[in-house]
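See below for the structure under consideration.
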Amino acid sequence: MDVFNAFAGAVVSGVYSIGSYQRGSLEGNQFTKISDIDVIIDESDIGMIGRAPNAEVLDADLLLYVKPSQLPTLNLRALTAGYMIYDSKADDYFAIIHAMIGKNQHTGQIEHVELLLRQTEATI
């Protein structure tokens, strides 16, 4: 049983979408929506001291479990290099900083993709 069936009540639909991501254009980071995705969310916050003199920087990290069939690719390098996630409820954009594949240990079938996100800015 995959995580989406095992925790059906935790699935969030209609809030998150994935899109292509072009970094550092003249207008900033560009986001182009591809499709909506159903996710299970695991949130965390990290407080990091020492990045800048006398400053504390808070990074909002988010771990999403995503259905493989809803992603434009299962190439993990491509996901981290060329795609980002948009949260329409909070109007927040997230860069994919780490991607992992979750397989069924008995069958070897891919059941979910884990995307570790870091909040960023983007224009559409």
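Before moving on, here are some points about what is shown:
- Strands (runs of 3 or more DSSP E) lying entirely in the stretch 2-107 (those with 2 or more residues that are modelled with pLDDT of 90 or more and open to solvent by 50 Å² or more (accessible area, probe 1.4 Å)): 12-25, 28-52, 92-103
- If the condition is being open to solvent by 60 Å² or more (accessible area, probe 1.4 Å) and modelled with pLDDT under 95, then the stretch 110-124 contributes 118, 119, 121, 124.
The values are calculated or read from the model by the stated rules, or taken from the named source; none is laboratory data. In this text the structure is predicted, and so the values were computed from the model without any measurement. With ligands, DNA and RNA removed, areas are computed over all heavy atoms of the protein, side chains included. Shrake-Rupley method; radii C 1.70, N 1.55, O 1.52, S 1.80 Å.
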